[in-house]
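Colleague: Quick one: this structure, given as structure tokens, is what I'll be asking you about.
The values are calculated or read from the model by the stated rules, or taken from the named source; none is laboratory data. Everything numeric in this text was worked out from a predicted model, so none of it was measured. Methodologically, a virtual Cβ is constructed for each residue, glycine included, from the backbone with ideal geometry; neighbour enumeration extends over all protein chains shown. Only protein heavy atoms, including side chains, enter the accessible area calculation; ligands, DNA and RNA are left aside. Shrake-Rupley method; radii C 1.70, N 1.55, O 1.52, S 1.80 Å.
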Amino acid sequence: MAAVAAPRHPTVVAAVEAARAAGEVAMRYYRGGFEITIKPDQTPVTQADREAEETITAILRRAFPDMGFLGEEFGPQGPTDRRWIIDPIDGTKNFVRHLPIWAVLIALEEHGEVTTGVVLNPVTGDLFWARRGEGAYANGQRLRVSECAAMKDAFLLHSSLSLLRRTPYWPGFVRLIDATSRTRGFGDYYGYCLVAEGKGEVYVEADLKPWDVAPMKILVEEA
């Protein structure tokens, strides 16, 4: 059995602590109840989203008082040259339907480059993390992307078909469907993690914000 690695870099350790604390907050609502509000962009938000982001910000601010923040719920705060990018609940629509595919996403951006990423699914306990130059891990196991080299053999993953359908990229997406061997819809954070784990080769998503993709970027790059 392969040895299990633990986060060691200070930014990864702090982000994991913050993600676990936010996950505990979110799970209290997930198991109990919550009110849903529709934001101006027509996406849902709950008390869990807001409280989880506040929890993350408080922990990371104590650990790194000189860094700023960009959060889905509370926007930009403080410096922008080194800042934490936060999605307290990626997959809120799944969360409100009690589908167990949602996660806490935390990334550190330094001078325009993402250097740390942490992803935690509080329902399953699955924890992913990556640090620039130090690799990507899932539950302590090193991640490697697939070695599949031919598009005809590739597993294509996608997010919302309705969102993709409304973009100029739909014809290209259809060509991808025709060019690959299998297609499945695993949206939000989960599609990226499947690619990082080597379980899929292509993931297609539209209508992204920085907090949706920041930790996923370094996770896949390091894998």
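Colleague: Take the conditions surrounded by fewer than 13 Cβ atoms within 10 Å (Cβ to Cβ), within 22 Å of Leu194 (Cβ to Cβ) and touching a Phe, Trp or Tyr at 6+ places or on another chain (Cβ under 9 Å) and apply them to His98. Does it pass?
Modeller: yes
Colleague: Taking the conditions exactly as written (modelled with pLDDT of 95 or more, open to solvent by 60 Å² or more (accessible area, probe 1.4 Å) and either hydroxyl-bearing (Ser, Thr, Tyr) or closer than 30 Å to Thr115 by Cβ (or both)), does Lys152 satisfy them or not? Steps first, please.
Modeller: Details: modelled with pLDDT of 95 or more: yes; open to solvent by 60 Å² or more (accessible area, probe 1.4 Å): yes; either hydroxyl-bearing (Ser, Thr, Tyr) or closer than 30 Å to Thr115 by Cβ (or both): no.
Here the answer is no, as Lys152 does not meet what is asked.
Colleague: Kindly indicate whether any position in the range 159-182 is within 30 Å of Ala15 (Cα to Cα) and either open to solvent by 30 Å² or more (accessible area, probe 1.4 Å) or at pLDDT 95 or above (or both).
Modeller: Yes: one or more hits.
Colleague: Considering only residues of the range 69-84 that are more than 19 Å from Ser159 (Cβ to Cβ) and under 18 Å from the mean Cα position of the chain (by Cα), which is surrounded by the most Cβ atoms within 10 Å (Cβ to Cβ)? Full working, then the answer.
Modeller: Within the range 69-84, the first condition is being more than 19 Å from Ser159 (Cβ to Cβ), and the residues that meet it are 69-71, 73-84.
Then keep just the ones that are under 18 Å from the mean Cα position of the chain (by Cα); that gives 69-71, 73-75, 83-84.
Values: Phe69: 20, Leu70: 21, Gly71: 23, Glu73: 18, Phe74: 14, Gly75: 8, Arg83: 22, Trp84: 28.
Restricting to residues being more than 19 Å from Ser159 (Cβ to Cβ) and under 18 Å from the mean Cα position of the chain (by Cα), the top hit is Trp84.
Colleague: Something else about it: Somewhere in the range 37-57, is a residue hydrophobic (A, V, I, L, M, F, W, C) and not in a helix (DSSP H, G or I)?
Modeller: The answer is yes, given that some residue of the range 37-57 is hydrophobic (A, V, I, L, M, F, W, C) and not in a helix (DSSP H, G or I).
Colleague: Continuing with this model, one more query. Looking at Val25, Val4, Val45, which is the one that is touching a Lys or Arg at 6+ places or on another chain (Cβ under 7 Å) and either over 15 Å from Trp211 (Cβ atoms) or among the hydrophobic types (A, V, I, L, M, F, W, C) (or both)?
Modeller: Val45
Colleague: Would you point out the residue of the range 126-149, among those that are in a loop (DSSP other than H, G, I, E, B), closer than 19 Å to Tyr190 by Cα and touching a helix residue (DSSP H, G or I) at 6+ places or on another chain (Cβ under 9 Å), that is least open to solvent (accessible area, probe 1.4 Å)?
Modeller: Out of the qualifying residues, it is Leu143.
Colleague: Now a separate question. Does Ile36 qualify as being closer than 16 Å to Leu99 by Cα and either open to solvent by 40 Å² or more (accessible area, probe 1.4 Å) or more than 17 Å from the chain's Cα centre (by Cα) (or both)?
Modeller: Here the answer is yes, as Ile36 does meet what is asked.
Colleague: Any residue in the range 146-165 that's farther than 12 Å from Lys199 by Cα: show its pairings with residues that are open to solvent by 40 Å² or more (accessible area, probe 1.4 Å) and acidic (Asp, Glu) at Cβ separation under 6 Å, as long as the two are six or more apart or on different chains.
Modeller: Ser159/Glu205; Leu163/Asp207
Colleague: Within the bounds of the range 205-216, is there any residue that is closer than 17 Å to Ala103 by Cβ, open to solvent by 40 Å² or more (accessible area, probe 1.4 Å), of a type in the set (Phe, Trp, Tyr) and at pLDDT 95 or above?
Modeller: yes
Colleague: Among the numbered conditions (1) surrounded by 13 or more Cβ atoms within 10 Å (Cβ to Cβ); (2) assigned to a helix (DSSP H, G or I), tell me where Arg62 comes up short.
Modeller: The failed condition is (1).
Colleague: Under 7 Å between Cβ atoms, which residue pairs at least 6 apart in sequence (or on different chains) link something in the range 42-57 that is under 15 Å from Tyr30 (Cα atoms) with a partner that is open to solvent by 60 Å² or more (accessible area, probe 1.4 Å) and in a helix (DSSP H, G or I)?
Modeller: Pairs that qualify, where the first residue is under 15 Å from Tyr30 (Cα atoms) and the partner is open to solvent by 60 Å² or more (accessible area, probe 1.4 Å) and in a helix (DSSP H, G or I), are Pro44/Lys93.
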